Structure formats: C-alpha cells, structure tokens
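One structure is given here, and the rest of the page talks about it.
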Amino acid sequence: MTIPRVPAAFLVELHDVGFGYDRQPVLDSVTLNVAAGTFTGVVGPSGSGKTSLLRLLLGKVQPQRGHVNIRRGLTMAYVPQLETVNWNFPVTVAECVLMSRPQGLRS
C-alpha cells in the first residue's frame, strides 16, 4: 500500500497582492508561494518593487489588495543592495548565507 505524501504548507504565501505609494502602483497582482526547504531570490532593476516586496513580507507595510501569509516563527534573511562595499563587515557573503541554514546542512 502506498501512502500519498501530503504537501507541506507554504512558509510564505502572497495572493494577488497589490501595493503602491501615493497612487503610484509598485506591485500589481503578485502571487508567490515559498515552500519549506527552498531558497528564493528576488532580483530586478532599481525601482521594480524588490524593497516594497520585502517590506510587505516583514509586515512593515500592508498590501492595498490581496493577502500576505507568513508562517509564525519563520526566520528570513536578506542581503541588502548597497552602492559601496563595507570592507570592515565582519563576515563573508558565504558566511551570511550559511547563517540561515539549519546546523546539519552547513558544509
């Protein structure tokens, strides 16, 4: 007998999200699901809504349309976009990425 696997709930869910500033839309009809055990990167040109998306995920702003669901207790990390490099930053990019990985998955 085969027991079907029940898919794990998504850790992050955005459904038909819209957001903007002063009547200027920034995000329109964004739907995104992030499953457990995955890495997700958000890339795009300046002004494309990456920071606004991050602010929505962190709960700093509320969507004007749609809904955002974040699993309670979820830890998120991000690498900020900077025009200059702080050579005194105490960790490497690789170390920064590894900080978010479970202890057993570090290599």
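Computed from the coordinates by the stated procedures, all read-outs in this text should not be read as laboratory data. Note that the structure is predicted; figures quoted are calculated from it, not measured. Every residue, glycine among them, receives a Cβ derived from its backbone with ideal geometry; neighbour counts consider all protein chains shown.
Structure values in brief
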read-out: Inter-label distance for residue 55 and residue 95, nm, one decimal - labels placed 7 Å from Cα along Cα-to-Cβ; value: 3.2 nm
read-out: Net length gained if the chain between residue 88 and residue 31 were fully extended (0.36 nm per residue, minus Cα distance); value: 16.7 nm
read-out: The stretch 28-73: C-alpha gyration tensor shape, a/c 1.5 cut-off, then a/b vs b/c; value: oblate
